[in-house]
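Notes follow the structure.
The values are calculated or read from the model by the stated rules, or taken from the named source; none is laboratory data. In this text the structure is predicted, and so the values were computed from the model without any measurement. Neighbour counts are summed over all protein chains in view; Cβ atoms, including those assigned to glycine, are modelled from backbone coordinates with ideal geometry.
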Amino acid sequence: MIRRLQVMLMKELLELRRDRWAMFRLIVPLLIQVIVFGYAATFTVNNVSLSLLDLDRSQGSRELVSHFVASGRFDVVDRATSQHAVEADIDAGRAVVGVIIHAGFARALDSGKTAPLQVLVDGTNSNTALIALGYVNQIVAGFQSHAAQSAWPAGAGAAVPGLTVSMSERPWYNQDLADRWFFIPGVIGTLAFMQVVSLTAFAVVREREVGTLEQIMVSPIRPYEFILGKTVPFFLIGLVDVALVTTLGVLWFGVPFVGSIWVLLLGASLFLIAALGMGLLLSTLSRTQQQAFALNFFFVNPFMTLSGFAFPISAMPAVLQWFTRINPLRYFLVVIRAVLLKGVGPEVLWPSMLALAALGVVLLTLSVLRFNKSLD
């Protein structure tokens, strides 16, 4: 058995060696995608285009405008002269947010009444709109606090006598709430998943198309030995991919690695076994590389969406939450984020690792059974 496996492994390695662009395709595009995702995949919104209309033209309104300018979150693209001009800026896409300070703003602030302030937001991109509104609320709250402590003691935001609230915030594991620390581990998992499933799905189909599968099957090699010979090289490639993109995430993007490399290796190995099982299963369902490509697209994209990479699983409908339980990427993202950011070990991560092991066994078993049936 060992000798036959060695022959299969040598065959796969020779094919990689003969393909001059194989290593380039396996490594360089992966690193480029990590860099692109690392910079592009973020919920942080900076330089929000802002159209400002100050109808009050008072000291108070000018101070509020200065808070918007000094925040660094907004880019004032127009000092509008009318409400119609603000609306036109939003309609034309020149501005995402329009702030209108109505006449009587400072007078209302001096008398302790509600100061008139209108905010218009382009809601075509709901995520950006919600974040921009959050920035506006923060700036207005900071302005109210400043006004209450200085020039407008009776204004909005003044403290209620006899009532003191002290709140101390301390985010754990990510003190600055850098969303890049959340996204980079997710990118590591999703890219490794996509690459390993795709490589494995095309491997068996390519043998079938070129006619070498029948030649291999008439040799003394057994079906499970053939599958092992096909999966071990891609397993090693997957480990190298995980190591490369993890190193890039830590050194280039500054994502901390506070856990154990051995725990990450264990989690990555279990994950790759499950991904290899899925790729092999897809290959047994395909007769041509076009079919394999279509099945790969049909399964991999939903699995990435339902993994918790960008969208919280708890916010999904109950049916989709149940479906995520058969998604190996979901469990690996839990493992890699916990290892990199929290530094926890198997005593905490054993449920996710057990799920990965179970999925790997089930998927590989189904692949072997399907492969044997396809040969009959």
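Residues of region 265-290 being surrounded by fewer than 21 Cβ atoms within 10 Å (Cβ to Cβ) and within 22 Å of residue 31 (Cβ to Cβ), which ones?
265, 269
Condition check ((1) surrounded by fewer than 17 Cβ atoms within 10 Å (Cβ to Cβ); (2) farther than 27 Å from residue 262 by Cβ; (3) at pLDDT below 90; (4) in the same structural domain as residue 204 (by TED's automatic domain parsing)) across all residues:
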{"residue": "311", "(1), (2), (3), (4)": "yes, yes, yes, yes"}
{"residue": "316", "(1), (2), (3), (4)": "yes, yes, yes, yes"}
{"residue": "320", "(1), (2), (3), (4)": "yes, yes, yes, yes"}
{"residue": "332", "(1), (2), (3), (4)": "no, no, no, yes"}
{"residue": "337", "(1), (2), (3), (4)": "no, no, no, yes"}
{"residue": "351", "(1), (2), (3), (4)": "yes, no, no, yes"}
{"residue": "354", "(1), (2), (3), (4)": "yes, no, no, yes"}
{"residue": "371", "(1), (2), (3), (4)": "no, yes, yes, yes"}
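Would you check which residues across region 255-292 are free of Cβ contacts under 8 Å to residues at least 60 places away in the same chain and farther than 18 Å from residue 349 by Cα and list them?
290
Tally the residues that are touching a residue at least 12 places away in the same chain (Cβ under 8 Å) and either surrounded by fewer than 16 Cβ atoms within 10 Å (Cβ to Cβ) or under 24 Å from residue 367 (Cα atoms) (or both), restricting the search to region 294-309.
So the count comes out to 8.
Are there any pairs with C-beta distances below 8 angstrom linking a residue in region 111-122 that is outside the structural domain of residue 93 (by TED's automatic domain parsing) to a residue that is modelled with pLDDT of 85 or more, with the two at least 6 apart or on different chains, and if so which?
Pairs found: none.
Within the bounds of region 277-295, is there any residue that is within 22 Å of the chain's Cα centre (by Cα) and not in a helix (DSSP H, G or I)?
There is no residue in region 277-295 that is within 22 Å of the chain's Cα centre (by Cα) and not in a helix (DSSP H, G or I).
Restricting the search to region 72-92, which residues are touching a helix residue (DSSP H, G or I) at 6+ places or on another chain (Cβ under 7 Å) and more than 17 Å from residue 47 (Cβ to Cβ)?
Passing the criteria: only 80.
Which of the residues spanning region 75-94 are outside any helix (DSSP H, G or I), buried (at least 17 other Cβ atoms within 10 Å of the Cβ) and of a type in the set (D, E, K, R)?
The one that is outside any helix (DSSP H, G or I), buried (at least 17 other Cβ atoms within 10 Å of the Cβ) and of a type in the set (D, E, K, R): 78.
Can you tell me which residues in region 132-160 are at pLDDT below 85, not in a loop (DSSP other than H, G, I, E, B) and not small (Gly, Ala, Ser)?
If the condition is that a residue be at pLDDT below 85, not in a loop (DSSP other than H, G, I, E, B) and not small (Gly, Ala, Ser), then 143, 144, 146, 149 are the ones that fit.
Mind listing just one residue for me: the one in region 61-74 that is among the aliphatic types (A, V, I, L, M) and over 16 Å from residue 117 (Cα atoms) and, of those, surrounded by the most Cβ atoms within 10 Å (Cβ to Cβ)?
69
With a cut-off of at least 3 residues that are out of contact with any Pro (no Cβ under 9 Å at 6 or more places or on another chain), outside the structural domain of residue 144 (by TED's automatic domain parsing) and at pLDDT below 85, name the helices (runs of 4 or more DSSP H) lying wholly within region 1-70.
2-18, 22-40
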